[in-house]
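Scroll down for the structure; my scribbles are underneath it.
The values are calculated or read from the model by the stated rules, or taken from the named source; none is laboratory data. All values derive from a computational prediction rather than experimental measurement. Positions of Cβ are backbone-derived with ideal geometry, glycine not excepted, and every protein chain shown enters the neighbour counts. Heads up: the accessible areas ignore ligands, DNA and RNA and are worked out on the full protein's heavy atoms, side chains in. Shrake-Rupley method; radii C 1.70, N 1.55, O 1.52, S 1.80 Å.
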Amino acid sequence: MAARSLWAVRRRVQRLLASSIPPDSREWLPPFSTAPQRNAGEDCGSEDPPADRGPSLAEQALRLKAVKLEKEVQDLTLRYQRAVADCENIRRRTQRCVEDAKIFGIQSFCKDLVEVADILENTTKCIAEETDPEDHKLTLEKVFRGLSLLEAKLKSVFTKHGLEKMAPIGDKYDPHEHELICHVPAGIGVQPGTVALVRHDGYKLHGRTIRLAQVEVAVESQRRL
């Protein structure tokens, strides 16, 4: 009898507890639990997700880094475009300088040659105006003086611009400087394989051969070609 009464009391307590909790938030409670119970408000407050607090610190750091990298890319792009433009300007100026050098590179040389032309022209006029056609001796003397002056001026112009006439007689034959015309017997004091005679003068410009000298090379008598 006492056991039935205790069981009925337990059932009534469970019904009362169940009726006091909303239907959608009811939880199973062990009968006669002595642990402290939390009400519905506390359960909802502890289990609800945290409120939206905005981007995290990691996201903010990534955004700042992305902005910084974008600025660096823009700066590098601008510098690259400027460098390309500068290179193009330098290329154009260099090309123009090269073209001018090709056209006006011999300007100084031509200016000196004009003086030679003046000497030749003045000599011709002097001979034509002041010389008696019948006085051939005087005419030849004036021609000789004019040609001597002309030759001296040409030599000075050549020396000024680094143009040098080669004097290869007695030098060993060099195919880079001499053009072989023929072989001749080696005479007294002439070594075989050396230049014995120059047919046509050769010239060097600042040490570089620009025209080969046409020469005859001495050989021993039995090797004459």
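Peptide packing for 203-210, 176-183 was compared via the average number of neighbouring C-beta atoms within 10 Å per residue; ordered from the highest value, the list is 176-183, 203-210. In the stretch 75-178, the portion of solvent-accessible area held by carbon and sulfur atoms comes to 59 percent [1.4 Å probe, whole percent, DNA, RNA and ligands not counted]. Set the Förster radius R0 to 35 Å, insert the Cβ-Cβ distance between GLU115 and ARG79 as r into 1/(1 + (r/R0)^6), and round the FRET efficiency to 0.05. Working from the Cβ atoms, E equals 0.05. Residues in the stretch 82-187 average 76 Å² of solvent-accessible surface per residue, probe 1.4 Å, ligands and nucleic acids excluded. For ARG211, the residues 5 or more places off, or on other chains, whose built amide H falls under 5 Å of its own are TYR203. The string of couplings for the stretch 172-183 from the Karplus curve (6.51, -1.76, 1.60, θ = phi - 60°) is 5, 4, 10, x, 7, 10, 10, 10, 6, 9, 6, 9 Hz, one whole number per residue in order, with x for Gly and Pro.
Computed from the C-beta positions of ASN122 and SER221 and an R0 of 45 Å, the FRET efficiency is 0.30 to the nearest 0.05.
Once you sort the root eigenvalues of the Cα gyration tensor of the stretch 90-225 as a ≥ b ≥ c, which label holds: rounded (a/c under 1.5), prolate (a/b larger than b/c) or oblate (the other case)? Oblate, because a/c is 1.5 or more while a/b does not exceed b/c.
Taking Cβ atoms as reference points and 12 Å as the exclusive limit, the residues near LEU64 contribute a net charge of +2, counting Lys and Arg as +1 and Asp and Glu as -1.
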